[in-house]
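Written out below as structure tokens is the structure these notes cover.
The values are calculated or read from the model by the stated rules, or taken from the named source; none is laboratory data. Values in this document were obtained by computation on a predicted structure and should not be read as measured data. Note that we place each Cβ from the backbone using ideal geometry, even for glycine, and neighbour counts take in every protein chain shown. Surface accessibility is based on the protein's heavy atoms, side chains included, excluding ligands, DNA and RNA. Shrake-Rupley method; radii C 1.70, N 1.55, O 1.52, S 1.80 Å.
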Amino acid sequence: MSDERLKKVGGKLVHRGPIASVRMETFQYADGSRSTRQVVVHPGAVCVIPHDERTLYMVEQPREAVEEPALLELPAGKLDVEGESPLECGQRELAEEIGKAAGDWRELKQFYTSPGFTNERIWLFLATELYDVKGEQTPEERIEIVEIPLSDLEGAIERCEDAKSLIGLLLLKELL
């Protein structure tokens with residue numbers, strides 16, 4: 001951090017997990033005071049808004065942390081391949097989750113998911129000019145592809161409870 005209003009002055013790893021790690025980080029403010037915060041360290045993720053001018057492609061999958069058997073979401077995934085850019089991750093996830101690739105990619109936004117406790121940042125992409133590719137879903141993901149007519153975008157917004165997907169859907173609504 002280059003801003004002197006907030007400077008990290010120490011920290012230690014307290015848990016390393018397969019999805020995220022937890023650190024106790026100490027910060028110093030401009031007035032010299034300090035505070036220690038528990039921070040969930042996440043590699044970041046991407047979220048893709050894929051449509052072909054007629055159909056919006058979403059997925060339903062179980063989200064055990066919130067006890068949802070079929071949460072409606074846009075295709076997304078973690079930046080968990082070393083050296084992979086957010087765009088490359090989005091391209092990989094689109095193929096894996098819905099068996100599509102896109103001829104046109106546009107980054108719409110980057111945002112933090114919950115900056116009160118995690119550093120997770122999401123890159124949101126619009127993917128158009130879609131075409132079929134061979135995708136390799138992993139069986140444990142239990143992903144079902146959901147095709148939604150763009151004319152029912154409001155219905156998708158109404159059904160969706162996933163924050164990153166809602167941001168994407170609302171941005172798409174502005175673009176159409």
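Among the candidates L124, L94, which residue alone is touching a Cys at 6+ places or on another chain (Cβ under 7 Å) and either at pLDDT below 95 or open to solvent by less than 10 Å² (accessible area, probe 1.4 Å) (or both)?
Going through L124, L94 in turn, just one is touching a Cys at 6+ places or on another chain (Cβ under 7 Å) and either at pLDDT below 95 or open to solvent by less than 10 Å² (accessible area, probe 1.4 Å) (or both): L124.
Run R63 past the list (1) open to solvent by 30 Å² or more (accessible area, probe 1.4 Å); (2) within 23 Å of V133 (Cα to Cα) and report the number of the one that doesn't hold.
Failed condition: (2).
Residue under question is Y57, and the condition is that it be of a type in the set (S, T, Y) and either out of contact with any Pro (no Cβ under 8 Å at 6 or more places or on another chain) or surrounded by fewer than 13 Cβ atoms within 10 Å (Cβ to Cβ) (or both); does it hold?
It is false that Y57 is of a type in the set (S, T, Y) and either out of contact with any Pro (no Cβ under 8 Å at 6 or more places or on another chain) or surrounded by fewer than 13 Cβ atoms within 10 Å (Cβ to Cβ) (or both).
Within the stretch 79-97, is even one residue farther than 25 Å from K134 by Cβ, touching a residue at least 40 places away in the same chain (Cβ under 8 Å) and within 17 Å of the chain's Cα centre (by Cα)?
no
Return yes or no: is E68 among the charged types (D, E, K, R), open to solvent by 50 Å² or more (accessible area, probe 1.4 Å) and either at pLDDT below 95 or touching a Pro at 6+ places or on another chain (Cβ under 8 Å) (or both)?
For E68, the condition - among the charged types (D, E, K, R), open to solvent by 50 Å² or more (accessible area, probe 1.4 Å) and either at pLDDT below 95 or touching a Pro at 6+ places or on another chain (Cβ under 8 Å) (or both) - is met.
Only one of (1) touching a residue at least 24 places away in the same chain (Cβ under 8 Å); (2) among the hydroxyl-bearing types (S, T, Y); (3) open to solvent by less than 30 Å² (accessible area, probe 1.4 Å) is not met by Y29, so which one is it?
(3)
Of everything in the stretch 12-26, what is open to solvent by 40 Å² or more (accessible area, probe 1.4 Å), outside any loop (DSSP other than H, G, I, E, B) and closer than 22 Å to D80 by Cβ? Give them in sequence order.
Of everything in the stretch 12-26, those that are open to solvent by 40 Å² or more (accessible area, probe 1.4 Å), outside any loop (DSSP other than H, G, I, E, B) and closer than 22 Å to D80 by Cβ turn out to be L13, V14, H15, R16, R23.
Go through the stretch 48-78 and count every residue that is farther than 17 Å from I143 by Cα and either among the basic types (K, R) or under 15 Å from the mean Cα position of the chain (by Cα) (or both).
Summing the residues that are farther than 17 Å from I143 by Cα and either among the basic types (K, R) or under 15 Å from the mean Cα position of the chain (by Cα) (or both) in the stretch 48-78 gives 1.
Just to verify a result, which residue in the stretch 154-176, among those that are touching a residue at least 24 places away in the same chain (Cβ under 8 Å) and open to solvent by 100 Å² or more (accessible area, probe 1.4 Å), is nearest to F125 (Cα to Cα)?
Among residues in the stretch 154-176 that are touching a residue at least 24 places away in the same chain (Cβ under 8 Å) and open to solvent by 100 Å² or more (accessible area, probe 1.4 Å), the one nearest to F125 (Cα to Cα) is L176.
What about S151, is it out of contact with any Lys or Arg (no Cβ under 9 Å at 6 or more places or on another chain), open to solvent by 30 Å² or more (accessible area, probe 1.4 Å) and free of Cβ contacts under 8 Å to residues at least 12 places away in the same chain?
Considered against the rule, which asks whether it is out of contact with any Lys or Arg (no Cβ under 9 Å at 6 or more places or on another chain), open to solvent by 30 Å² or more (accessible area, probe 1.4 Å) and free of Cβ contacts under 8 Å to residues at least 12 places away in the same chain, S151 comes out as no.
Only one of (1) of a type in the set (D, E, K, R); (2) surrounded by 14 or more Cβ atoms within 10 Å (Cβ to Cβ); (3) farther than 24 Å from V41 by Cα fails for E84. Which number is that?
All conditions pass for E84, except number (3).
If we scan the stretch 127-141, do we find a residue that is under 16 Å from the mean Cα position of the chain (by Cα), within 13 Å of L56 (Cα to Cα) and open to solvent by less than 20 Å² (accessible area, probe 1.4 Å)?
Checking the stretch 127-141: at least one residue is under 16 Å from the mean Cα position of the chain (by Cα), within 13 Å of L56 (Cα to Cα) and open to solvent by less than 20 Å² (accessible area, probe 1.4 Å).
Being polar (S, T, N, Q) and assigned to a strand (DSSP E or B) is the filter here; which residues of the stretch 121-175 pass it?
Scanning the stretch 121-175 gives a single hit, T128.
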